[in-house]
Amino acid sequence: MGELLGVAVLGAGHMGADHIRRLDRVVSGARVAAVADPDPDRAKEAVAGLDGVTVHTETEAALDAPGVRAVLIASPGPAHEEALRAAFARGLPVLCEKPMVPGSAGALRVVEAEARLGRRLAQIGFMRRYDAEYLRLKELLDSGRLGRPLMLHCVHRNVSS
């Protein structure tokens with residue numbers, strides 16, 4: 001196997017810590033290279049037992065860490081725009097948890113920044129789009145077997161990650 005893809009994880013809270021665990025134990029071909037979180041103790045706890053991971057309190061420091069070739073953004077939504085633009089400035093591909101950004105003006109700035117690069121670097125984590133049950137629901141709705149839906153209310157609870 002070739003060199004593992006070094007990923008900087010931005011945010012070490014519930015989602016970030018789960019992404020760190022998955023990158024370490026589930027995903028093949030990648031490794032956590034750096035973690036950034038305003039709480040250095042939380043970041044250190046999230047990477048405890050992992051070798052070769054640098055811990056930072058600033059996004060830019062994590063993006064510039066040795067071996068980083070991709071980014072996973074799991075920080076709170078208001079921090080996403082700055083992180084996305086910083087990753088774009090470095091030419092790094094990004095998986096960004098939803099929301100991309102909290103508002104439409106910020107979303108437009110992010111899309112325009114990516115468009116100026118002439119290539120796509122960001123993927124937003126809308127995981128329900130690929131969920132088997134949601135795909136079956138869409139197929140059922142598209143089939144017309146239920147008639148024309150007037151309202152649909154879907155509920156998801158994270159009992160565990």
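The values are calculated or read from the model by the stated rules, or taken from the named source; none is laboratory data. The structure presented is a predicted model; accordingly, all values stated were derived computationally and were not measured. FYI the Cβ positions are ideal-geometry reconstructions off the backbone, even for glycines, and counts take in every protein chain you see. Ligands, DNA and RNA are stripped out before the accessible areas are found, and what is left, the full protein with its side chains, is counted by its heavy atoms. Shrake-Rupley method; radii C 1.70, N 1.55, O 1.52, S 1.80 Å.
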Self-check item: MRE, 222 nm, helices only [DSSP H, n ≥ 4, -39500 (n - 2.57), over the chain, to nearest 500]
Solution: -11000 deg cm²/dmol
Quiz item: What FRET efficiency would be calculated for the residue pair Arg157, Arg109, taking the C-beta separation as r and a Förster radius of 35 Å, to the nearest 0.05?
Solution: 0.60
Quiz item: Carbon and sulfur together cover what percent of the accessible area of the chain at a 1.4 Å probe radius?
Solution: 55
Exercise. Would you work out which of Pro66, Ala30, Gly16 lies farthest towards the positive end of the dipole of region 1-67, given +1 charges on the beta-carbon of Lys and Arg and -1 on that of Asp and Glu, about the Cα centre?
Key: Ala30
Quiz prompt | Filtered GluC sites (Glu not before Pro), region 1-79: DSSP coil and at most 15 other beta carbons within 10 Å | solution = Glu3, Glu58
Exercise. Find the centroid of the Cα atoms in region 138-155 and in region 82-125, then give the distance between the two in whole Å.
Key: 32
Quiz item: Rounded to the nearest 20 Debye, what is the dipole magnitude of the chain about its Cα centre when Lys and Arg each give +1 and Asp and Glu each give -1 at the C-beta?
Solution: 740
Quiz prompt | Charged-residue dipole, Cβ positions (Lys, Arg, Asp, Glu), region 1-75 about Cα centre, Debye nearest 20 | solution = 320
Quiz prompt | Probe 1.4 Å, accessible area per residue of the chain, Å² | solution = 63
Exercise. Could you grab the Rg to Rh ratio for the chain? Cα atoms only, Kirkwood for Rh.
Key: 1.04
